[in-house]
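Read through the structure below, which is laid out as structure tokens, and then see the notes.
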Amino acid sequence: MAAPHVSGLVALIWSSNPGFAAPQVKDRILDCVDRLPDLSGKVFTAGRINANSSLLNIPAPPSRFAVTGIRTARLSSAGMTITPMRSHSN
């Protein structure tokens, strides 16, 4: 039963970052397992996959448009607030 779960996680990771190579996806999954003492010696990683941990901190895919000059952008139910970078005069 592990194969469908791992395959689904691979698909989630690749959908978040299609630029990842297969070894990067594999390492990501193996590095983010929840280690469980009961699984020690029974499975390769001594743990179970953790989709949330595997997906955290994956950089967003590159945008088709470069945006510069923005310090922060916040999205809320009221709309979007953009704070521009201050220009420094020399």
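Remarks
- Some residue of segment 59-69 being open to solvent by less than 80 Å² (accessible area, probe 1.4 Å), at pLDDT 85 or above, of a type outside the set (D, E, K, R) and assigned to a loop (DSSP other than H, G, I, E, B): no
- Residue pairs meeting the criteria (Cβ under 8 Å; at least 6 apart or on separate chains; first open to solvent by 40 Å² or more (accessible area, probe 1.4 Å), in segment 1-18; second part of a helix (DSSP H, G or I)): 6/29; 12/51; 12/54; 12/55; 14/25; 16/55
- Segment 21-44 residues that are free of Cβ contacts under 8 Å to residues at least 40 places away in the same chain and within 20 Å of residue 10 (Cβ to Cβ), paired with ones that are open to solvent by 80 Å² or more (accessible area, probe 1.4 Å) and assigned to a loop (DSSP other than H, G, I, E, B) (beta carbon under 9 Å, 6 or more apart): 30/44; 32/56
- For segment 30-42, the tally of residues that are exposed (fewer than 14 other Cβ atoms within 10 Å of the Cβ) and assigned to a helix (DSSP H, G or I) stands at 4.
- Residue 27 out of contact with any Asp or Glu (no Cβ under 9 Å at 6 or more places or on another chain), charged (D, E, K, R), modelled with pLDDT of 85 or more and open to solvent by 60 Å² or more (accessible area, probe 1.4 Å): yes
The values are calculated or read from the model by the stated rules, or taken from the named source; none is laboratory data. Everything numeric in this text was worked out from a predicted model, so none of it was measured. Glycine gets a Cβ as well: all are built from the backbone with ideal geometry, and neighbour counts include every protein chain shown. Quick note on the areas: whole protein, heavy atoms, side chains included, nothing else; ligands and nucleic acids left out. Shrake-Rupley method; radii C 1.70, N 1.55, O 1.52, S 1.80 Å.
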